[in-house]
There are 2 protein chains.
Amino acid sequence: MSREEPVRSGRKMGRPRAGQERLNRERILEAALRIVDEEGMEALSMRRLGAELGVDPMSVYRHLPGKEAVVSGLVEQVFSEMRLPPSGGATWQERVRAWATAYVELARSHPNLVLRIVSDAAAVSDAMLQVSEPLYAALWDAGLPPREAALAAGTVVDFVHGHALSEESSSTPDDAAPVEDSAFERDMLARLEAQPAESFPTMLRVFRVLAEDATDMNRHPVFDGSLDVLLAGIEAMTYDNAG
Amino acid sequence: MSREEPVRSGRKMGRPRAGQERLNRERILEAALRIVDEEGMEALSMRRLGAELGVDPMSVYRHLPGKEAVVSGLVEQVFSEMRLPPSGGATWQERVRAWATAYVELARSHPNLVLRIVSDAAAVSDAMLQVSEPLYAALWDAGLPPREAALAAGTVVDFVHGHALSEESSSTPDDAAPVEDSAFERDMLARLEAQPAESFPTMLRVFRVLAEDATDMNRHPVFDGSLDVLLAGIEAMTYDNAG
DNA sequence: ACCTGAACACCGTTCAAGT
DNA sequence: ACCTGAACACCGTTCAAGT
């Protein structure tokens, strides 16, 4: 986390003045992330941030030019947390899957930041670029030429963004009992049945089955299932290219 | 647009009091959408909205309970604009493609609202539900069983959301000359070359080729290309199911 | 030179006071 | 009964005034 800052435990290099550490970018982002993770994006204000740090709200401007910079810094920091498992001996499919999974889990671990993560990443932030190489490498090793590799990578990234968004906005706000199996499906069915009869015949058919079927389909398997679809589609591209 | 309201031109049923139409939900949302489309989400405030309508800001609360309701109303209204081409005689693939295209174009026509569209839709707004039946119908006709149809639909929706987001945040803010071909690719290349040498060997290889290649690859074809990937993946599911 | 905090120009929303 | 607008409790940020 810290690089060459005074270490909290070791307190060498003179005791921190007035009994508390000096303000710096890292400490600010740490406090901001704590606020956002625990209380949500709308709780983050420069004034609240100052209070959290025990300093004048304006002091933050010494280290970051404004609120927007604080939030971008947060996104950047969260991206730097993304860790891929070692890819030794894995197939390109396994590597694409591992990448997408690591990315969606990064989003899951900061649900209140998801909206900003997917927006900033879509604007091709440097943070996103830092993290993308293993995805491109896997697709390259699949034998895809440059244009197809970029297309496949974009497809995977777009899907993960959309999926992270859908998980976030359908998640229980951290209180309440863990969501039951097929709660989503039963909610959809209820909504559908509240509509004028037979406006949505297919969806009704689909969700009637899914709401009954109480297999342990929580939301992770649907992410994996979608990745199956994407990987099959990408595989089809490799045949096109070989044949 | 209006259903049984006093028509602006015909001015039957008594002239509007004080020379202007009475306030209603529809007129409020109309004004709000104008503000958002022309000046962006951050320009929308209850006070600004009141000014746009020539009424006291508080009058809006008579018709909508708060700002959040105004924005949801906006999303709802935009969804109701989605129009699919008639699907007569089309294959299921063509119908899925037509659905995804109509959806992304809806997002394109309100770029400043995209973030809210994809968030609200991900929360399964009623508006989204209204619009989804043709997608499910196409996938059902592809021969997919309920679970697979729902999975495929979710994959398509998540991808479209992510893609709409990526188009929005990389779009020119409406001023400036139309973006040149491969501007994105050349921007990526510049970013990559600014990084420490060979940190990103694969991306460098990929974007060196794409930045050179000045074919007319604007951004629409990449959406179509991604849909090819998705459709190929979904097709693979139908074989699994048949075989 | 550095930092602070008062002040500015906004917010969304409540609610008492007016008609 | 209906509507208004003053007021409340916030914002992000500027900048003059202090040390």
Hey, B:Ser109 within 14 Å of the chain's Cα centre (by Cα), of a type in the set (Ser, Thr, Tyr) and surrounded by fewer than 21 Cβ atoms within 10 Å (Cβ to Cβ) or not
yes
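Residue check: is A:Glu105 free of Cβ contacts under 8 Å to residues at least 12 places away in the same chain and either assigned to a helix (DSSP H, G or I) or away from DNA strand D (no atom under 16 Å from the Cβ) (or both)? Let's see the steps before the verdict.
Details: free of Cβ contacts under 8 Å to residues at least 12 places away in the same chain: yes; either assigned to a helix (DSSP H, G or I) or away from DNA strand D (no atom under 16 Å from the Cβ) (or both): yes.
Yes: the conditions hold for A:Glu105.
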Would you please name the residue that is modelled with the lowest pLDDT, looking only at residues in region A:222-243 that are farther than 15 Å from A:Trp140 by Cα and at the interface with chain B (Cβ under 7 Å from one of its Cβ atoms)?
A:Val222
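Which one is farthest from DNA strand D (Cβ to nearest atom) among residues in region B:64-73 that are assigned to a helix (DSSP H, G or I) and in contact (Cβ under 8 Å) with a residue 12 or more places away in the chain? Lay out the reasoning, then the answer.
Of region B:64-73, the ones assigned to a helix (DSSP H, G or I) are B:67-73.
Filter again for in contact (Cβ under 8 Å) with a residue 12 or more places away in the chain, leaving B:67, B:70-73.
On the way: B:Lys67: 13, B:Val70: 16, B:Val71: 18, B:Ser72: 22, B:Gly73: 19 Å.
Going through the qualifying residues, I end up with B:Ser72.
Condition check ((1) modelled with pLDDT of 95 or more; (2) farther than 23 Å from A:Val104 by Cα) across all residues:
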{"site": "A:Glu4", "(1), (2)": "no, yes"}
{"site": "A:Arg8", "(1), (2)": "no, yes"}
{"site": "A:Arg11", "(1), (2)": "no, yes"}
{"site": "A:Pro16", "(1), (2)": "no, yes"}
{"site": "A:Val36", "(1), (2)": "yes, no"}
{"site": "A:Leu49", "(1), (2)": "yes, yes"}
{"site": "A:Gly66", "(1), (2)": "yes, yes"}
{"site": "A:Val70", "(1), (2)": "yes, no"}
{"site": "A:Ser87", "(1), (2)": "no, no"}
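Could you check how many residues of region B:120-130 are part of a helix (DSSP H, G or I) and surrounded by fewer than 21 Cβ atoms within 10 Å (Cβ to Cβ)? Write out each step before concluding.
Kept after step one, since they are part of a helix (DSSP H, G or I), are these residues of region B:120-130: B:120-122, B:126-130.
Next cut, surrounded by fewer than 21 Cβ atoms within 10 Å (Cβ to Cβ) only: B:126-130.
Summing the residues that are part of a helix (DSSP H, G or I) and surrounded by fewer than 21 Cβ atoms within 10 Å (Cβ to Cβ) in region B:120-130 gives 5.
Do we find that A:Ala100 is buried (at least 21 other Cβ atoms within 10 Å of the Cβ), closer than 19 Å to B:Gly162 by Cβ and under 11 Å from the mean Cα position of the chain (by Cα) in this structure? Before the answer, list the steps.
Values: buried (at least 21 other Cβ atoms within 10 Å of the Cβ): yes; closer than 19 Å to B:Gly162 by Cβ: yes; under 11 Å from the mean Cα position of the chain (by Cα): yes.
When the stated conditions are applied, A:Ala100 passes them.
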Could you check region A:33-91 and list, in sequence order, the residues that are within 16 Å of DNA strand C (Cβ to nearest atom) and in contact with an Asp or Glu (Cβ under 8 Å, 6 or more places away or on another chain)?
A:Gly50
Output the residues belonging to region B:133-150 that are assigned to a helix (DSSP H, G or I), buried (at least 23 other Cβ atoms within 10 Å of the Cβ) and among the hydrophobic types (A, V, I, L, M, F, W, C).
B:Leu135, B:Ala138, B:Leu139, B:Ala149, B:Ala150
I'm checking my understanding of the structure. Among residues of region B:133-155 that are more than 7 Å from chain A (Cβ to nearest Cβ) and more than 19 Å from the chain's Cα centre (by Cα), which one is farthest from B:Thr238 (Cα to Cα)?
B:Ala138
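Report yes if A:Asp56 is under 22 Å from the mean Cα position of the chain (by Cα) and either surrounded by fewer than 20 Cβ atoms within 10 Å (Cβ to Cβ) or polar (S, T, N, Q) (or both), otherwise no.
Working: under 22 Å from the mean Cα position of the chain (by Cα): no; either surrounded by fewer than 20 Cβ atoms within 10 Å (Cβ to Cβ) or polar (S, T, N, Q) (or both): yes.
Considered against the rule, which asks whether it is under 22 Å from the mean Cα position of the chain (by Cα) and either surrounded by fewer than 20 Cβ atoms within 10 Å (Cβ to Cβ) or polar (S, T, N, Q) (or both), A:Asp56 comes out as no.
This table checks each residue for (1) away from DNA strand D (no atom under 15 Å from the Cβ); (2) in contact (Cβ under 8 Å) with a residue 12 or more places away in the chain; (3) closer than 21 Å to B:Leu115 by Cβ; (4) more than 14 Å from every other protein chain (Cβ to nearest Cβ).
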position	(1), (2), (3), (4)
B:Gly50	no, no, no, yes
B:Arg62	no, yes, no, yes
B:Val75	yes, yes, yes, no
B:Val78	yes, yes, yes, yes
B:Ala90	yes, no, no, yes
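The values are calculated or read from the model by the stated rules, or taken from the named source; none is laboratory data. Please read these numbers as outputs of a predicted model, since none were measured by experiment. Every residue, glycine among them, receives a Cβ derived from its backbone with ideal geometry; neighbour counts consider all protein chains shown.
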